[in-house]
Amino acid sequence: MKQSTSCDALLVSDYMNGNEAALCELITRHKDRIFRFIYSKVYDKDVAEDIFQDTFIKVIRTLKRGAYNEEGKFLPWVMRIAHNLVIDHFRKNNRMPKFENNEDFNIFSVLSDGALNAEKQIIKGQVEEDVRKLIEELPDDQKEVLMMRMYRDMSFKEISEQTGVSINTALGRMRYALINMRKIIDKHNIILTN
Amino acid sequence: MANLYSETSRPERVNKNLVPKEETIRFLLDYSKALSVIDYNKLKFEALLN
């Protein structure tokens, strides 16, 4: 046992000096024991695999940074890292418990993704493009009011101040703009739906 | 005589054939080869070189 730990120390030192083969030897020597230790806590092979990988990523980063103090205790040190990651795993799972679907109930039947999928995004883009083309067909005074209201989010008071017409005129132009757009849509059987 | 209800501790019950996947080991060795730490003015920067 004494010889094994001193060999570990030698391998760690070799690895820190740039010998990659030393890491391979260290992992080969301890992988089964560390993996079984993790599995004995989490009882899930995939989770154990993830924690095993994260453990050695920490080991590699610490050794490469030269932040490891060799005290002849490589394996206990790695076990401690694995143990801490196991605790992190359970803490994370307590905050956000893992839900597994079964035949009776599927979580996705009550959860929905509000974001548009690729197809709906394309359709939305096309509809918006069609609406812009329709707006281009409007008389200039109506187009101006509609653009200010819908695209620049201005109030009718602001529109009247900027265009120099009364609020009522601005409201009327907006109304006619919408009526005219509906007419064009009906006349040409344009379908604007998403 | 009192019954003993103690159970074998979990690590001993773990299947001895359980080992990490070969690809995980390969990933770690590749990660180690790709990782380089650059020292600069007492700062350490990590770089993953592919």
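We did not get these values from a lab; they are worked out from the coordinates using the rules stated. These numbers come from a predicted model, not from an experiment. Positions of Cβ are backbone-derived with ideal geometry, glycine not excepted, and every protein chain shown enters the neighbour counts.
How far is helix A:118-136 tilted, in degrees, relative to the longest principal axis of the Cα atoms in chain A, given as a value from 0 to 90 rounded to the nearest 10?
It is inclined by approximately 30 degrees.
Please determine, in degrees from 0 to 90 and to the nearest 10, the orientation of helix A:20-42 with respect to the longest principal axis defined by the Cα atoms of chain A, where the helix direction is its Cα long axis.
70
Could you give me the percent of Cα pairs per 5 Å distance bin for region A:41-112, shortest bin first, beginning at zero and ending with the bin that holds the maximum distance?
Calculated over all Cα pairs of region A:41-112, the distribution is 3, 13, 18, 19, 13, 12, 8, 5, 4, 3, 2 percent.
Taking a 22 Å limit on the Cα-Cα distance, which of the listed pairs A:LYS133/A:LYS187; A:LYS73/B:LYS42; A:LYS64/B:LYS21; A:LYS58/B:LYS16 fall beyond it? Let's see the in-between values first.
Details: A:LYS133/A:LYS187 15 Å; A:LYS73/B:LYS42 27 Å; A:LYS64/B:LYS21 24 Å; A:LYS58/B:LYS16 25 Å.
Long pairs (Cα-Cα over 22 Å): A:LYS73/B:LYS42; A:LYS64/B:LYS21; A:LYS58/B:LYS16.
Can you sort A:ASP186, A:ASP44, A:ASP8 from fewest to most other Cβ atoms within 10 Å of each residue's own Cβ?
Details: A:ASP186 9, A:ASP44 14, A:ASP8 22.
Listing A:ASP186, A:ASP44, A:ASP8 from fewest to most nearby Cβ atoms yields A:ASP186, A:ASP44, A:ASP8.
What is the extension gain from A:LYS143 to A:GLU103, computed as 0.36 nm multiplied by their sequence separation minus the C-alpha to C-alpha distance, in nm to one decimal? Don't skip to the answer; put the middle values down first.
Numbers: separation 40, 0.36 × 40 = 14.40 nm, distance 5.56 nm.
Full extension of this stretch gives 8.8 nm more.
Between B:GLU23 and B:ASN41, what is the label-point separation in nm under the 7 Å Cα-to-beta-carbon projection?
Those two pseudo-labels are separated by 4.3 nm.
Hey, what angle do you get for helix A:74-95 against the long axis of chain A, alpha-carbon based, 0 to 90 degrees rounded to 10?
Compared with the principal axis, the helix lies near 30 degrees.
Rg over Rh of chain A, using C-alpha atoms and the Kirkwood radius, what does it come to?
Details: Rg = 33.5 Å, Rh = 23.7 Å.
Ratio value, two decimals: 1.42.
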